[in-house]
Amino acid sequence: MPNAVRLHDEKAAVFSLEKLVWRDGPLCPHCGETSRLGRLSGQSTPIGAWKCYACRKPFTVRHRTIFQNSHVPMHVWLQGLYLLIASQNRLSSQKLGQILGVSVRTAWHLKTKIIAGLAVAGDDPEPCNGARRIDRVVRGPVPDDPSPPQPGQAVHKARYERFLKAIEHLADSRSDVLFLEALHMLVRPSRDPCRGSGETRRFVEQQLELSLFDDGHRQMGGCRNGLRNGDES
Ligand SMILES: [Zn+2]
């Protein structure tokens, strides 16, 4: 069965990402351990939390990706990435925020990080080859879940329905492939020697912040008011 990216809720998105990043099984990003690892599963434990019993440190699959240190759930990131790819980055932060159910500022932050991450990955002179790709995106109705409703499930469902509705108009036959390529670029395995472009990525993000906040009139001192409707597109 082919690997697949699922976007409908947090567990599905995190598990998809784990399959993509840890092609040979989970890996501690701190010490490289591959066997003495355990998935954490407490009531209050975030989905996707692991512990390494070699170095005793916790980790998630987001480590050393643009998704690290973000409070935004992984399924929101992936839906945002899909929407940006399908719209060729033309979706405004306001519209993106409406679909994803997040603030304009959060949507703008996602957009900046994604564009910067892809710009840096695209500049990489030697793309990392040989990685098996997740080769399918599952976009369908939310599957029936026999377990009791989880907190936030209704919010996830409503968000996913807005997402499906939006991509009806935005996506074409190439969107899945482009999305998978973009995701692959953003989550190259942490052992990969061609990573380490954090400095470059931060620089690109800074430049993007300046340009995205520019309201287009290039007025001195006026660029910080730049979160009005669609002005960043
Ligand atoms: Zn470790």
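The values are calculated or read from the model by the stated rules, or taken from the named source; none is laboratory data. Everything numeric here is computed off the predicted structure, so don't read it as measured data. Glycine also receives a Cβ, built like all others from the backbone with ideal geometry; neighbour counts cover every protein chain displayed. Areas reflect the complete protein model, heavy atoms only, side chains present, ligands, DNA and RNA absent. Shrake-Rupley method; radii C 1.70, N 1.55, O 1.52, S 1.80 Å.
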Set Lys95/Lys157; Lys113/Lys165; Lys51/Lys113; Lys19/Lys111; Lys51/Lys157 screened for pairs whose C-alpha atoms are more than 21 Å apart: Lys113/Lys165; Lys51/Lys113; Lys19/Lys111; Lys51/Lys157
Gain upon complete extension [Lys165, Leu178; 0.36 nm per residue less C-alpha separation]: 2.8 nm
Rounded Å value of the spacing that divides the Cα centres of the stretch 1-68 and the stretch 76-117: 23
FRET efficiency, Thr34 to Asn69 (Cβ-Cβ, R0 22 Å, nearest 0.05): 0.40
Distance in nm between pseudo-label sites at Gln88 and Tyr53 (7 Å out along the Cβ direction from Cα): 5.3
Heavy atoms of Trp22: accessible area, 1.4 Å probe, square angstrom to 10: 30
Sorted peptide list for 29-40, 79-90, criterion being average Cβ within 10 angstrom, highest first: 79-90, 29-40
Thr106 accessible area, assembled protein chains, probe 1.4 Å, Å²: 30
Karplus 3J(HN,Hα) series, Hz, for the stretch 22-38 with 6.51 cos²θ - 1.76 cosθ + 1.60 (x for Gly, Pro): 9, 5, 9, x, x, 9, 6, x, 8, 10, x, 4, 10, 10, 7, 10, x
